[in-house]
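Chemist: My structure is below; once you've seen it, I'll send some questions.
FYI, it's all coordinate maths here, none of it is from the lab. Not measured: the values here are computed from a predicted model. Note: ideal-geometry Cβ built from the backbone for every residue, glycine included; neighbour counts use all protein chains shown.
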Amino acid sequence: MKIIRLFFEFTTWLAFLLIGVMGIFIITSNFSVFSGYRSFMVQSGSMEPAIMTGDIIVIHPQANYMINDVITFIGSDNRTITHRIAEIREASEKRLFSTKGDANRSQDEDLIKQSQITGKVVLVIPKLGYLVAFSKSLPGLIILAIFPAVFFILDEILKAKNA
Amino acid sequence: MLSTRIKILLLFLLCLSNFLISTSYTDADIFAERVVPKNRFSMASLDILTRHSSNNSVINFVFHTLGLQPGGFDLGAVKVKKGGTLDTKYHLKVLKTEGSDAFCNALKIEVLQKNLEVKYRGKLMDLNIDSESKAGPPESWIFVVSLDNTDDSLQDRVCEFSFIFRTWRTEPDEKKGIYAERVLNNVISSGNW
C-alpha cells in the first residue's frame, strides 16, 4: 500500500509539473487552443511610454484591426516591428495601415498590408524582457530550467526511497 | 525533502524559463525627423548687354579712330543694361590686345555718364570702373579718348584694346562662379606730325 501511495504521489507531482510546463508552452506557442498567442521582447523605445524598452508584449492575431491598436508586424526589411495604427486607408479592396511609434514625430514611411500583421498587443509585462537574453544563455538555462527540474526529480526519488 | 512552497517556486521557474525561451524580439523603431515644408526652387539668369547709344543695336566696336594727333580726341558711347533676372555688379577694364605699348600707354581717356558726371579720368590702360546693372533705364557711358603726348616716336602707331565689362558677385576679381562678360573692341592709330 505504501509503495502504491508513493507511486501515486510521484506521478501526481510529475503530472503537475508536466501540465504546468505544457500550459505555459500552450499559451506561448502558435499551436495552442488559444491559437496565435506569441510573446516578444521590445528592444527599442519608439512606443514609450506605453511600452518601454525591455518590456515583454503578448500579441494575438485579430480578424480586424482598428486605429489606435498597437500591432506587431513584419516590416519591409523583414524585421518585426511594434507600432500603433495611426491611419487606415482603403485601396482597391485592400486595407493599408499607416503606423507610428508613440514617441516618433511622424508616421512610418511604408504602408503595411493586413498580411504583414502578426497580431495585436494584448498584454504588456514590464521589464521582464531583460531576463530573455539571460534565459537563453547557458547560466540562465541552468538556473531557470535545469536546476528546478533536477531538484524536482531528486526530491521525488528521495521521497520514494524514504517511504 | 522539498516543501510544497519550494516545489511551486521550482515549477514557476520552469514555466518562466519556458516562457522566456519562447519569447522573440521586436523593434519599436525610434527615429527623429524634421520636415521643412514649402520648398520652392526658381531659376535665375545673369547677363549684361552692351548696346549702341543711338539705337540700342548690338555693338561690338566703340572706337575705330585713324590718324589721331597730339591735342586730338575721339568720342564713343555705349549703353549697358541688365540682361538676366538678377541685378548684378560689374566692372569695366581695358585690355590691350595688339599694337604699340608706348602709344597705348600715351593714350588718355575720360569716362562720363549721361549726366556728364566724370567717372574716370586718366591713362587708358589703367581704366577700372565699378558699377551696377539693375532694373530700370540702361547706364550710358561716354568715352573720350585723347592724345596729348607730342613725342615723335608715337607717330604711325596702332593701339588695339578691348573694353571688358564683367559681372561679379562677391569681389571684383573673383575667378569662380557664374558671370557675364561683354567685350567691345577698339582700334586707334596715330597720324604724323
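Chemist: In the neighborhood of A:Glu48, defined by Cβ-to-Cβ distances under 11 Å, what is the net charge if each Lys or Arg adds +1 and each Asp or Glu adds -1?
Modeler: Residues close to A:Glu48 contribute a combined charge of -2.
Chemist: Continuing with the same structure: Ratio of the protein assembly as shown's C-alpha Rg to 2.2 N^0.38 Å, to two decimals?
Modeler: Compactness ratio reported: 2.26.
Chemist: What's the FRET efficiency of A:Ala160 with A:Gln43 using the Cβ-Cβ distance as r and R₀ = 51 Å, to the nearest 0.05?
Modeler: For R0 = 51 Å, the calculated efficiency reads 0.65.
Chemist: What's the average, rounded to a whole number, of partner chain beta-carbon atoms within 10 Å of each residue's beta-carbon in A:131-142?
Modeler: 3
Chemist: List the lysines whose Cα sits under 29 Å from the Cα of B:Lys79, skipping any in the same chain fewer than 8 residues away.
Modeler: Answer for B:Lys79, where 29 Å is the Cα cut-off: B:Lys89, B:Lys93, B:Lys96, B:Lys108, B:Lys114, B:Lys119, B:Lys123, B:Lys134, B:Lys175, B:Lys176, listed by chain and number.
Chemist: May I pose another question? Please compute, for peptide B:7-13, the average count of beta-carbon atoms on other protein chains lying within 10 Å of each residue's beta-carbon.
Modeler: 6
Chemist: Separate question: Determine the percent antiparallel among the DSSP beta bridges restricted to the range B:48-190, to the nearest 5.
Modeler: 95
Chemist: Also, quick follow-up: Taking 56 Å as R0, compute the FRET efficiency from the Cβ-Cβ separation of B:Ile8 and B:Ile178 and round it to 0.05.
Modeler: Efficiency, from the Cβ-Cβ distance: 0.10.
Chemist: Sorted from largest to smallest, which semi-axis lengths in Å does the alpha carbon gyration tensor of the range B:81-121 give for its equivalent ellipsoid, taking the root of 5 times each eigenvalue?
Modeler: Ellipsoid semi-axes (Å, largest first): 27, 17, 7.
Chemist: Now for a separate question. Once the Cα gyration tensor of chain B is diagonalised, what are the square roots of 5 times its eigenvalues, in whole Å and ordered largest first, as equivalent ellipsoid semi-axes?
Modeler: Gyration-tensor ellipsoid for chain B: 81, 19, 12 Å.
Chemist: How about B:Lys38: which lysines have a C-alpha closer than 27 Å to its C-alpha, ignoring those fewer than 8 places off in the same chain?
Modeler: Result set, ordered by chain and number: A:Lys100.
Chemist: Could you give the length gained on full extension between A:Leu14 and A:Ser76, defined as 0.36 nm per residue of separation minus the Cα-Cα distance, in nm?
Modeler: That works out to 17.8 nm of additional length.
Chemist: Find the percent of Cα-Cα distances in the range B:1-112 that exceed 17 Å, and round it to a whole number.
Modeler: So the portion of pairs separated by more than 17 Å is 79 percent.
Chemist: Would you mind getting me the FRET efficiency between A:Lys113 and A:Phe134? Use the beta-carbon distance for r and R0 = 25 Å, nearest 0.05.
Modeler: It comes out at approximately 0.10.
Chemist: I've got another one for you. Compute the long axis of helix B:4-21 from its Cα atoms, compare it with the longest principal axis of the Cα atoms of chain B, and write down the angle in degrees, 0 to 90, nearest 10.
Modeler: Tilt of helix B:4-21: around 30 degrees.
Chemist: Full-extension gain between A:Ala103 and A:Ile153, please, as 0.36 nm times their residue separation minus the C-alpha to C-alpha distance.
Modeler: Extra length from A:Ala103 to A:Ile153 when fully extended: 13.2 nm.
Chemist: Ranked highest first by average number of other Cβ atoms within 10 Å, how do A:58-64, B:10-16 line up?
Modeler: B:10-16, A:58-64
Chemist: To the nearest whole number, what is the average tally of beta carbon atoms from other chains within 10 Å of the beta carbons of peptide A:100-108?
Modeler: What the average comes to for A:100-108 is 3.
Chemist: Roughly what percent of Cα-Cα pairs across the range A:36-128 reach past 19 Å?
Modeler: 35
Chemist: Continuing with this model, one more query. Write out the cysteines belonging to the protein assembly as shown for which the nearest other cysteine Cβ is not under 4.7 Å, or none if no such cysteine exists.
Modeler: Result for the protein assembly as shown is B:Cys15, no neighbouring Cys Cβ within the cutoff.
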